[in-house]
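Q: Right, I'll just put the structure down here and ask away after.
Since every read-out is calculated from the coordinates, none of them should be taken as a lab result. The structure displayed is predicted, hence computed values, not measured ones. Counting neighbours? That spans all protein chains shown, and the Cβs are built from the backbone with ideal geometry, glycine included.
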């Protein structure tokens, strides 16, 4: 955005997306437009709302399941990737590829996983047939999809803040004997919200495989 303008909120964004083997279009997405130069960007909260719209659309597609929901399915029932493959098929490496977004499960597998996620009784019967012991309680340890929504928003904000602070450092707007990285980190700490700080603290405590799934979902959609 230029120095002369202000970001104005818009809600007419359209995003072309491929879910599994089918192409779709999602409309009504949020973004911001500079009223002077026409640059596009996002205001706080817009990426979260876009991600919720994406999730709602994905959930409405019977033949698609997101990498995050697959991971949440495993966590809900205390399954390793190997045991999940024993239950749903696909081979030993299948769930690693599903959760990294490299491979899309077959339509029949997708429908079975979505049914098992929503109905613990179906999952228990499937486990009995496969000779697999489920984790206790059969409740999710955390709402990963909600966490993913926050991740997209906070990751975008963090990158935007860093770019702005680096530009400030390079322009010499502030005299400092600190290195660029020290300057950026100190500036970031002064403006980060309590919610962001808590979020990034939780993210750092997550296992690498969970972080990897979230990172695969971190890029904002390119709006048409």
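Q: Rank these for me by crowding, 57, 95, going from fewest to most other beta carbons within 10 Å. Show your work: numbers first, answer last.
A: Details: 57 17, 95 26.
Ranked by crowding around the Cβ, least crowded first: 57, 95.
Q: What full-extension length gain, to one decimal in nm, is calculated for residue 93 and residue 59 as 0.36 nm per residue of separation minus the Cα-Cα distance?
A: Once the chain is fully extended between residue 93 and residue 59, it gains 9.8 nm.
Q: With each label point set 7 Å from Cα along the Cα-Cβ vector, what nm distance links residue 194 and residue 86?
A: 4.6
Q: Give me the extension gain from residue 4 to residue 107: residue separation times 0.36 nm, minus the current Cα-Cα distance, reported in nm with one decimal.
A: So the extension gain works out to 32.0 nm.
Q: Hey, fewest Cβ within 10 Å first, where do 3, 12 land in order?
A: 3, 12
Q: Within 10 Å, count the other beta carbons around each residue, average over each peptide in 35-48, 14-27, and list them highest first.
A: Going by the mean number of other Cβ atoms within 10 Å, highest first, we get 35-48, 14-27.
Q: Follow-up. What percent of all Cα-Cα pairs in the range 76-124 falls into each 10 Å bin, going from 0 up to the bin containing the maximum distance?
A: That works out to 26, 61, 12, in percent per bin.
Q: Figure the gain on full extension for residue 128 and residue 17 (residue separation times 0.36 nm, minus the Cα-Cα span) and round it to one decimal in nm.
A: Extending this stretch completely gives an extra 36.2 nm.
Q: When the Cα atoms of the range 31-143 are enclosed in a convex hull and the volume is divided per residue, what value in Å³ results?
A: 116
Q: Order by neighbour count: 198, 68, 104, fewest other Cβ atoms within 10 Å first, most last. Intermediate results must be reported in sequence, preceding the final value.
A: Numbers: 198 10, 68 24, 104 18.
Fewest-to-most Cβ neighbours within 10 Å comes out as 198, 104, 68.
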